[in-house]
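First up is the structure itself, then whatever we jot down about it.
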Amino acid sequence: MSSVEGRASFGAYETWYRISGDLEAGKTPVFILHGGPGVAHNYVDSYKLLALQGRPVIHYDQLGCGNSTLLPDKGADFWTPQLFIDELNNLVDHLGMRSGFHVLGQSWGGMLGAEYAVTRPDGLQSLVIANSPASMRLWVEEANRLRADLPGHVQETLIRHEQAGTTDHADYQKATMDFYERHVCRVVPFPPEVSASFEQVARNPTVYNVMNGPNEFFVIGTLKSWSIIDRLPAVNVPTLIISGRHDEATPATVQPYKDGIKGSRWEILEQSSHMPHVEEQERCMQVVGAFLDEHDN
């Protein structure tokens, strides 16, 4: 499939993007919002397969990671959801797509997608929230519940290093992988594009560490009290919610989206954890592709 890369000026910075497929194909383009924050587009690369259905797919790296401008010296006051809402609006306008587009956000990207949809931007035709919590308090509660099912020695290692502030220790990293292989990606060893995103975070940890914390379940960053639950009724576009049966975004973390967004649909992929686009790729593309087809203008 054809693809083209570019860079959009965003104030003093630049956002890297890639368009897969043909903009003249007739279907409404979809923007893919990656997770993290700060994990870059690599691990959600497979959503480009939607272009095989005749739909242009736009991946981009959010500011501070991947191929976009890296800003390792910026602090917590800089890295806000509003920054990333502004960046997405800037990219939509840069590409001349304000007349109509879809948004699919995965994990943090789904949180961002919901934040974006609440603002009711011109041109937004539908929203896909994939593997995302509606509240970080719920996320942490559920992560702790999932952690309690890990082998005792793994839990002990995690707690010991968290209390000592040594979460960069090799033993802690190994224990973290036990959780990830259950609840983040059950395709082990991780496919190259998933490993590429983890390596990218290791090189450029600023955004992830500031907003989230050292890993998926020890959340001590600026998002730790984030919630969108009370604002969800403002979402006024057709919405598809996706999660995996073994997802770290458990049903308890996802349910508020279903309850709060009028007419939303929720699909649970039975063989997946946090990355159904990797774990059940064909089924995931069918579900998302059919939903987007239904809501093209």
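The values are calculated or read from the model by the stated rules, or taken from the named source; none is laboratory data. From a predicted model like this one, the values you see are computed outputs, not experimental measurements. Virtual Cβ from ideal backbone geometry, glycine too; neighbours counted across all protein chains shown. Just so you know, the surface numbers come from the protein's heavy atoms only, side chains and all, with ligands and any DNA or RNA stripped out. Shrake-Rupley method; radii C 1.70, N 1.55, O 1.52, S 1.80 Å.
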ask   = If you place +1 on the Cβ of every Lys and Arg, -1 on the Cβ of every Asp and Glu, and leave all else neutral, what size is the dipole of segment 20-123 about its Cα centre, to the nearest 20 Debye?
value = 300
request  = Taking the Cα centre of the chain as origin, work out the dipole magnitude from +1 charges on Lys and Arg Cβ and -1 charges on Asp and Glu Cβ, in debye rounded to 20.
outcome  = 340
ask   = Hey, any idea what % of segment 154-263's accessible area is carbon plus sulfur with a 1.4 Å probe?
value = 54
ask   = With every protein chain kept in the model, how would you rank LEU150, LEU23, LEU95 by accessible area, 1.4 Å probe, largest at the top?
value = LEU23, LEU95, LEU150
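Where the accessible area of segment 1-98 is counted over protein heavy atoms with a 1.4 Å probe, how much of it, in %, is carbon and sulfur?
48
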task = Whole number please: convex hull volume per residue, Cα atoms of the chain, in Å³.
result = 119
ask   = So what are segment 58-162's ellipsoid semi-axes, whole angstrom, largest first, if each one is the square root of 5 times an eigenvalue of the alpha-carbon gyration tensor?
value = 33, 18, 12
ask   = Using a simple spin-label model with points 7 Å from Cα along the Cα→Cβ vector, what separation in nm is obtained for GLU282 and ASN90?
value = 4.2
ask   = Excluding ligands and nucleic acids, what accessible area in Å² is computed for TYR13 using a 1.4 Å probe, to the nearest 10?
value = 50
note = Note to self: with every protein chain in place and a 1.4 Å probe, the chain gives an accessible area per residue in Å² of 40
inquiry  = Just to make sure I understand: if all protein chains stay in place, what is the order of HIS102, HIS94 by accessible area at 1.4 Å, largest first?
reply    = HIS94, HIS102
